[in-house]
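For reference, the structure discussed in these notes is given below.
The values are calculated or read from the model by the stated rules, or taken from the named source; none is laboratory data. Keep in mind that what you see is a predicted model, and the values were worked out from it rather than measured. Here the Cβ positions follow ideal geometry from the backbone for every residue, glycine too, while neighbour counts run over all protein chains shown.
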Amino acid sequence: MCTLTQQLHRAGLAAGLLLVLSSTGYAYGSEAIVKQLPPGWTPLAASAPDAGLSLSGKFQRQGNVDTALVVQNGQDGAYGLAVVPGSVTDGTASIVKTFKDIKANPPHLSLVQPGSYQPACHTGNSCAPLSIANESIGLCFGEASCEIIYFADGAYHEIYLTD
C-alpha cells in the first residue's frame with residue numbers, strides 16, 4: 001500500500017512528465033531574443049534543439065507570442081528563467097526566477113495551458129486550486145520539483161505542483 005507521500009510524489013512525477021511532453025523548442029540562433037536579455041545573461045547552450053530549455057507561448061496576453069528560456073549569468077554563475085515579451089508594449093525582457101546549481105536536477109521548460117491547477121500544500125491543510133487564464137511556463141528540475149510560472153496582475157507568479 002502506498003503512503004500519501006508516495007502517492008503525491010508519483011502524482012508530481014506524472015504532472016512533471018505531462019509538462020515535459022507538452023514542451024516546444026526555441027531557436028537559439030535568434031539574435032533579436034538574445035539582444036533583449038538583461039546585461040550579463042545569455043541563453044543556456046543546449047546540445048539538442050528539443051532540450052526543453054526554451055519555449056514560446058502567449059504568457060502575458062492573447063495575440064502576442066512571448067519567449068521563455070533558461071539563461072545563465074556569466075558574472076555570478078547564477079541561472080535563471082528569462083521571458084522576452086512578444087511586443088515592446090508588454091515591457092522589456094526580464095529574469096522572472098533565479099536558481100543556482102542545475103547539475104543534479106537540470107531544468108526543463110514546458111507549455112502549460114490555461115486551466116485550474118492544484119498547488120502542493122506544505123501546511124497539511126487543503127489548498128484551493130488556482131485558475132490560470134493564460135498559457136504559462138512549466139518549470140521542472142529533474143526529479144526535484146515542478147512549478148508553474150504564470151502572468152497575472154501585471155507580474156509573474158509561481159505555484160509549486162511538487163516539491
Quiz item: Is it the case that the stretch 92-104 has a residue that's more than 18 Å from Cys140 (Cα to Cα), assigned to a loop (DSSP other than H, G, I, E, B) and in contact with a Pro (Cβ under 6 Å, 6 or more places away or on another chain)?
Solution: no
Quiz item: Tally time: how many residues in the stretch 105-124 are of a type outside the set (A, V, I, L, M, F, W, C), under 13 Å from the mean Cα position of the chain (by Cα) and part of a strand (DSSP E or B)?
Solution: 3
Quiz item: Out of Gly25, Gly16, Gly12, which single residue is among the small types (Gly, Ala, Ser), in a loop (DSSP other than H, G, I, E, B) and either surrounded by 17 or more Cβ atoms within 10 Å (Cβ to Cβ) or at pLDDT below 90 (or both)?
Solution: Gly25
Quiz item: Filter the stretch 38-68 for residues that are of a type in the set (A, V, I, L, M) and at pLDDT 90 or above; which is surrounded by the fewest Cβ atoms within 10 Å (Cβ to Cβ)?
Solution: Val65
Quiz item: Can you name every residue in the stretch 91-146 that is among the acidic types (Asp, Glu) and free of Cβ contacts under 8 Å to residues at least 12 places away in the same chain?
Solution: Asp101
Practice problem: Would you mind finding the one in Ala120, Ala144 that is small (Gly, Ala, Ser), surrounded by 17 or more Cβ atoms within 10 Å (Cβ to Cβ) and either more than 19 Å from Gly52 (Cα to Cα) or modelled with pLDDT under 90 (or both)? | Solution: Ala120
Practice problem: Residue by residue through the stretch 112-138, note down the ones that are out of contact with any Phe, Trp or Tyr (no Cβ under 7 Å at 6 or more places or on another chain), of a type in the set (Gly, Ala, Ser) and more than 27 Å from Pro85 (Cα to Cα). | Solution: Gly124, Ser126, Ala128
Quiz item: Are any of the residues in the stretch 142-153 assigned to a loop (DSSP other than H, G, I, E, B), under 21 Å from Pro43 (Cα atoms) and not β-branched (Val, Ile, Thr)?
Solution: yes
Practice problem: Answer with yes or no whether Asn105 is modelled with pLDDT under 90, more than 18 Å from Ile33 (Cα to Cα) and of a type in the set (S, T, N, Q). | Solution: yes
